[in-house]
Amino acid sequence: MKTNLINRMCRSAILILILLTAGNLLAGGPSFKELNSVKLPFTPSTHWYTHTNDFKFFLCSTKSDMLMLDGITGKILWQTNFKKDYKNDKFANQYWNKEANVVLVFDEDTKKAVATKYFIDGKTGKVLWSSDKYVSDFGQYELSAGFSTYYDPLTNGVLLPTKESVDLVDVNNGKLIWSKNISLTGKAKEFDCYIMKYYDLVKVITGKETETYLTTSDGKEVTDIEPYFNKKKFMADRLHATIIDLPEKNMYVLMQGETSNFYAFLGATLPKWKMNFKGYDAKTDKLLWNKQYKIAYAFDWIDLTPFIKMTYQDGKLFVEHDPNANSSSGLTVLNPDNGELLWEASFATSEIKNNLTKAYLTPFPAPDPVISNGKAFVVDKAKNIVSCYDAGSGKKLWDSKKFPDAQKIPTLIYTDETVIMSYGGDAVKCVDHVQSSGPSIFRHEYLNKDKYGIIAYDAATGKEKWSSESISKSAKDGFDFIAGTQLIDGKLFCSTDKNFFILDPKNGNVVSSVPVSKEKVGDAWKMYYFHKQNKIILNCEKGVMKIDPVAVKTEGVLKTPTMAYYPASYEMKADDLYSDYALFTDGNAADGKFKEFAAIDLDKMVIRGLEGGALLFYDIPHFSEGAEMFYKVDGSEIKFYSVK
């Protein structure tokens, strides 16, 4: 843990140096609007501009001083000097519970005494309460995580243990909500306690084989934990929760892993195979049904994000995952009315390939199944074939011939008894670097080299109707690279690196085209279709094109260098890809190191501003939720900017 902390500190220091020199890189380019600038009375070192997502509160501190800054107005809300106000030269331990907006400071506990813990109001800086009762660490429990993470908003309680009890305490006044005496069944180092992520329960571990569950509200001991599952907590965590609304059935369905979260988190175990599916009445939130199935799934080697997905099509729930052990099953199809299993088929959400020194894991290499006219069309990436099933019974109707072994299959489209698959695309992979000595090194790497093409199949037989190879001569394009395909109003829009085509999906004939080369923006590398705005955006080597798919004409061109990579918007905490559009303009995409990005107004086709790419990769984000604001620092000076 200490090594990771040092690495993060070193990484942050390097990023700061890069950011401070970014002005030289961006000289002469469009600048973002500066909102305000604040010179602090000290240079933060302990809390380096830690903030809430909305930028309302910024906590800054050293070992001896602390202040809270309003990032929206630029005003200092309060300031304290620990020697003057607490008769303490410094506080080595400083933690902030952002949800409750309470700051905790204390010295180290010793064998002879427990240090006094001071709980400070984040809004005013006043001490709410203090205590010398609660230990800073005990076994696996650490107050740093407990205070910051184990918070229950319904009781306003935080979980604070002594060596004889586990207490839930009101974080605003120190009043005891409930207390549970503990009796260790194993060694003291095995002790742990925490509020479960998606349950209204506290889990207390007193030995390797002994664990107790207590209700968060009143500390009552329970044995059956499922009645205390809190779907509101689960649904609020949109990053990992899977909830599908079914308006036509007046219900919603929730997919939940066996553990308190999908992945290892605060003492939970790695993902297990048991997966719970629950159907709820949309009006009353009444549980209609609850089913559990054994479902295998892989997960990201770095951040442990699970590779499992649930979609709703044709009145059925389609769960995509990896095959179970000793089984060819991977796609699980459920009846949303009662959760009963309808059928299963071979499907995999991840693909692993190895060589002597590396192992590559590609998440979701194939597209979601496409359901139409009572048929389910699936890309089997393991066998490199397209398969067709009867959507009701799961009976296999046909398999296609093998297609080239591309790393990514980005698109599967059905229209007018034709199934169209484009293959080849970029991917962020999990890579295991095997060292001759020492542990493996895991990291994400971006790869955009692939085999590209398009194949159209007869939906009834699976026989090939046309392909990029068969139409290459008439289209005068080798389709060596495909930036994207999209079906719009019965027409197939296809961008290669050299051309932009509108194709007849029945036969692949070119209906019309837009001359990309005429705009002199270089080769296209990515196409995006924005359904709400009904606009197509082409990212090219030397600029961005906006195309009207109705009029089939170029609406605007922006000249700027770009990099083949995912939009920088994703790293800006953007909530809308169109309105918050941003691209990297300089750096090394393969290693994920970027020197510069550009925020782009797609309506006006102008650059809003250029900034250093390092700004996007801090452990504490420099952007507010929704990508509306960002900040930069230079020692004790902080500046706030508007993105738009």
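One residue stands out in the range 93-131 among those that are β-branched (Val, Ile, Thr) and more than 34 Å from the chain's Cα centre (by Cα): the one that is modelled with the lowest pLDDT, namely Thr110. Does at least one position in the range 391-408 carry a residue that is surrounded by 20 or more Cβ atoms within 10 Å (Cβ to Cβ) and under 19 Å from Trp343 (Cβ atoms)? Within the range 391-408, one or more residues are surrounded by 20 or more Cβ atoms within 10 Å (Cβ to Cβ) and under 19 Å from Trp343 (Cβ atoms). Inside the range 6-44, residues that are modelled with pLDDT of 95 or more, under 25 Å from Leu67 (Cα atoms) and not in a strand (DSSP E or B) make up a count of 5.
Give me the residue from the range 483-500 that is touching an Asp or Glu at 6+ places or on another chain (Cβ under 8 Å) and surrounded by 23 or more Cβ atoms within 10 Å (Cβ to Cβ) and, out of that set, nearest to His531 (Cα to Cα).
The qualifying residue nearest to His531 (Cα to Cα) is Leu492.
Do the conditions hold for Leu184, that is, is it outside any strand (DSSP E or B), in contact with a strand residue (DSSP E or B) (Cβ under 6 Å, 6 or more places away or on another chain) and more than 26 Å from Lys87 (Cα to Cα)?
So Leu184 fits the description; yes.
Comparison of Gly556, Gly609 shows that the only residue that is touching a Phe, Trp or Tyr at 6+ places or on another chain (Cβ under 6 Å), small (Gly, Ala, Ser) and either closer than 19 Å to Ser642 by Cβ or in a strand (DSSP E or B) (or both) is Gly609.
Just one of the numbered conditions (1) of a type in the set (Val, Ile, Thr); (2) under 33 Å from the mean Cα position of the chain (by Cα); (3) assigned to a strand (DSSP E or B) is not true of Val521: (3). Note on the range 586-606: residues that are farther than 17 Å from Asp426 by Cβ and outside any loop (DSSP other than H, G, I, E, B) amount to 9. Would you confirm whether any residue within the range 614-627 is among the aromatic types (Phe, Trp, Tyr) and assigned to a strand (DSSP E or B)? Yes, there is a match, as at least one residue in the range 614-627 is among the aromatic types (Phe, Trp, Tyr) and assigned to a strand (DSSP E or B). Thr311 fulfils the conditions (1) at pLDDT below 95; (2) polar (S, T, N, Q); (3) part of a loop (DSSP other than H, G, I, E, B); (4) in contact with a Phe, Trp or Tyr (Cβ under 7 Å, 6 or more places away or on another chain) except for a single criterion, (3).
Of the numbered criteria (1) surrounded by 15 or more Cβ atoms within 10 Å (Cβ to Cβ); (2) farther than 26 Å from Phe91 by Cα; (3) within 34 Å of the chain's Cα centre (by Cα); (4) free of Cβ contacts under 8 Å to residues at least 60 places away in the same chain, the one Trp178 fails is (3).
I'd like to know if the range 347-355 contains one or more residues that are aromatic (Phe, Trp, Tyr) and in a strand (DSSP E or B). Scanning the range 347-355, I find no residue that is aromatic (Phe, Trp, Tyr) and in a strand (DSSP E or B), so the answer is no.
The values are calculated or read from the model by the stated rules, or taken from the named source; none is laboratory data. Since we're looking at a predicted model, the values are computed, not measured. Here the Cβ is made from the backbone with ideal geometry for all residues, glycine too, and neighbour counts use every protein chain on show.
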